[in-house]
Amino acid sequence: MTSEHADDSRDIQEPEASRIALTWTGEPGRMEELTHGTLLDQADRAAAALARFGVRAGDRVAVHLPLVPESVIATLACGRLDAMRVTLPVSLTVPELVARTRESGARVMITADAAFWDGAIRPVKAVLDHALARGGAAGGTEDRTVLVVNRCARPVSWTPGRDRWWHEALDEN
């Protein structure tokens, strides 16, 4: 075994840092490519943001995202903190999300405003909002932070004090 780790951004040297690490194709005509350096930089920034919201080693972070680059970044950020990623598939119904969010015990959740699939824009955060409201009414955890990834340009419901934009949280470093 070598002591070099590909997941440590300090060890990535040029030209490795400029090589494409992730290519994502989504909504019609939308494609993103992230280099190793960019991907690891965003993972570091996301880890710092999660830490500011109180995530520590062993804590759970619930990720309710479609297959987008931020999902990979969230996974890497959890790894940096030795936190556990709990996946909440976007296909879950509100009752299923109520149960899964309660079981997760996560105080920090990452979701998207909406997502494009099957030829239409579908709500993502709105479904999570309903689940959190139902879970709160049933005695669930109220003290949560919800980081919202902006994937679709459309209005999104907002709970002041709980909801934060993902990109703003990453920019606070």
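Regarding the stretch 25-38, can at least one residue be identified that is closer than 27 Å to Pro155 by Cα, open to solvent by less than 40 Å² (accessible area, probe 1.4 Å) and at pLDDT 95 or above?
no
Evaluate the following for Met84: is it open to solvent by 70 Å² or more (accessible area, probe 1.4 Å), within 15 Å of the chain's Cα centre (by Cα) and not β-branched (Val, Ile, Thr)?
Values: open to solvent by 70 Å² or more (accessible area, probe 1.4 Å): yes; within 15 Å of the chain's Cα centre (by Cα): yes; not β-branched (Val, Ile, Thr): yes.
So Met84 passes the test.
Quick check on my filter: what residues within the stretch 47-81 are open to solvent by 20 Å² or more (accessible area, probe 1.4 Å), in a helix (DSSP H, G or I) and of a type outside the set (D, E, K, R)?
Ala48, Ala51, Val72, Thr75, Leu76, Gly79, Leu81
Consider Leu170 carefully, then state whether it is aliphatic (A, V, I, L, M), in contact (Cβ under 8 Å) with a residue 40 or more places away in the chain and not in a strand (DSSP E or B). Lay out the reasoning, then the answer.
On the way: aliphatic (A, V, I, L, M): yes; in contact (Cβ under 8 Å) with a residue 40 or more places away in the chain: yes; not in a strand (DSSP E or B): yes.
Criteria met by Leu170.
Does the stretch 106-124 include one or more residues that are surrounded by 15 or more Cβ atoms within 10 Å (Cβ to Cβ) and in a helix (DSSP H, G or I)?
no
The values are calculated or read from the model by the stated rules, or taken from the named source; none is laboratory data. These numbers come from a predicted model, not from an experiment. A quick note on method: Cβ atoms are made from the backbone with ideal geometry, for glycine too, and the neighbour counts reach across all protein chains shown. Protein only, heavy atoms only, side chains kept; ligands, DNA and RNA dropped before computing areas. Shrake-Rupley method; radii C 1.70, N 1.55, O 1.52, S 1.80 Å.
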